[in-house]
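*Asks:* Below you'll find the structure I mean.
Derivation of every value follows stated rules applied to the coordinates shown; laboratory data play no part. In this text, all values refer to a predicted model and were calculated from it rather than measured experimentally. As a convention, Cβ positions derive from the backbone with ideal geometry for all residues, glycine included, and neighbour counts pool all protein chains shown.
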Amino acid sequence: MNTRFVTSILLGLGGGFVVVASQAFAAGTLAWLAFGIGIGLLLVALTPAMLGERRLVGLGLDGLTAALAAWTIVASMVFSGTLVTWLSFAEGLGFVAAMLGGLVLNQVRIVTAAHRSEAMLHRETVPAHWVEEHRSTTPAG
């Protein structure tokens, strides 16, 4: 299991909990829950980047997630009442969207690796003389 999958699942669980909590708990309780989950998801978003395990698109998604987590931390302490309820609801949906984006990136990575290995396998099974014959007939470009 790779880190993109694990971090995506953690984002989905945290975001889903914030969405449900925004409709189930009082604003004061929700603010502290969003604060704690925001800290946790900030660490989840920053850890793979600090370990150097991401490519450019993954780093971008982690950066957006970290910014959303930082905003969640600030908003949960600054706002109150129904405003914190609806902001937390929207932030939770944002974390779920980040989870979906992370899972798509993970799947693209897996499929790309499978296609590369399939191409390498095919390349090894083709006789060398056939490759040379067909290489000379392809147009240069």
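*Asks:* Mean projection of the alpha-carbon convex hull of segment 3-109 over all orientations, in nm²?
*Replies:* Approximately 5.6 nm², given one-decimal rounding.
*Asks:* Going 7 Å from the Cα of Arg116 along its beta-carbon direction, which residues of segment 43-61 have the amide nitrogen within less than 18 Å of the resulting point?
*Replies:* Output list for this probe position: 52-59.
*Asks:* Please name which of Leu100, Phe17, Thr82 has its Cα lying farthest along the dipole of segment 1-121 towards the positive end, using unit charges on Cβ (Lys, Arg +1; Asp, Glu -1) and the Cα centre as origin.
*Replies:* Result: Leu100.
*Asks:* Which trypsin sites (Lys or Arg not before Pro) does segment 27-111 hold that lie in a coil by DSSP with at most 14 other beta carbons within 10 Å?
*Replies:* Answer in residue order: Arg55.
*Asks:* Would you calculate the separation in nanometres between label points at Leu93 and Met50, each defined as 7 Å from the Cα along the Cα-to-beta-carbon direction?
*Replies:* 3.2 nm
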